[in-house]
Amino acid sequence: MFITFEGPEGSGKTTHIRSLAEHLRQLGYNVLHTREPGGTEIGDQIRSVLFDMKNKAMHPRTEILLFQASRAQLVEQVIRPHLSQGGVVLCDRYADSTLAYQGYGHKVDLEALAEIVRFATGGLKPDLTLLLDLDVEVGLARRAQQGGWNRLDAYDLEFHRRVRQGFLALARQEPARWVTIDAAPPPEIVQAAVKAAVMERLAIAGKSPA
Ligand code: TYD
């Protein structure tokens, strides 16, 4: 079972994935928790190029291809092997982030992006995608408080608004794959919703701990 987590900045994905991973491991599932961009040694090098505040001149097409390079490595080196052993993969962002950020955010043609993403992933799609949805101003304020501000966080408010609307549009287009969760309430409420959505999907898939 391949589960991805998407959402605008500051939606708390990382914390929620960590708690979920722990919960699933306690139940006996073989869980791999990874993230994009990065998740491999090569991917982490690409990540630092992408986020370096010095790289302000980076063209959107360059950005797109670097994200796909990191993704291709992660899919082949980490995700597919774990799935083929019958494990559960939890991935902090995946292909939908390219559609939301580069497509809706930077206004790059969505069809062209979908093609590039298919090439990078070799066609691997998530079984379930959780969208942790949050008002953009609230998310960016949380993010600024946490520190670790990067080059992409620094895009303007309108960019981040388009990204959020992009995620919501993607979720509407494929309702069988997406579950949208309101990330505004206190973390324990959001975590309960995350767990419920994942446990329900594991039950439907008849997937018991490996
Ligand atoms: P990161 O620091 O990992 O934080 P978070 O996922 O918690 O926001 O930042 C990842 C950034 O990269 C985020 O701004 C979204 C962006 N991104 C894209 O623009 N396109 C992509 O394909 C991916 C995977 C991420």
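Residues that are closer than 18 Å to Pro81 by Cα and either exposed (fewer than 12 other Cβ atoms within 10 Å of the Cβ) or more than 14 Å from the ligand (Cβ to nearest atom) (or both) within segment 27-61 comprise Tyr29, Asn30, Val31, Leu32, Glu41, Ile42, listed in sequence order.
When residues in segment 97-125 are screened for being within 17 Å of Met1 (Cα to Cα) and either within 13 Å of the ligand (Cβ to nearest atom) or of a type in the set (D, E, K, R) (or both), 2 of them pass.
Quick note: the coordinates plus some simple rules give every number you see, no bench work behind them. Owing to the predicted nature of the structure, the values given are computational and were not obtained by experimental measurement. Backbone-built Cβ (ideal geometry, glycine too); neighbour counts: all protein chains shown.
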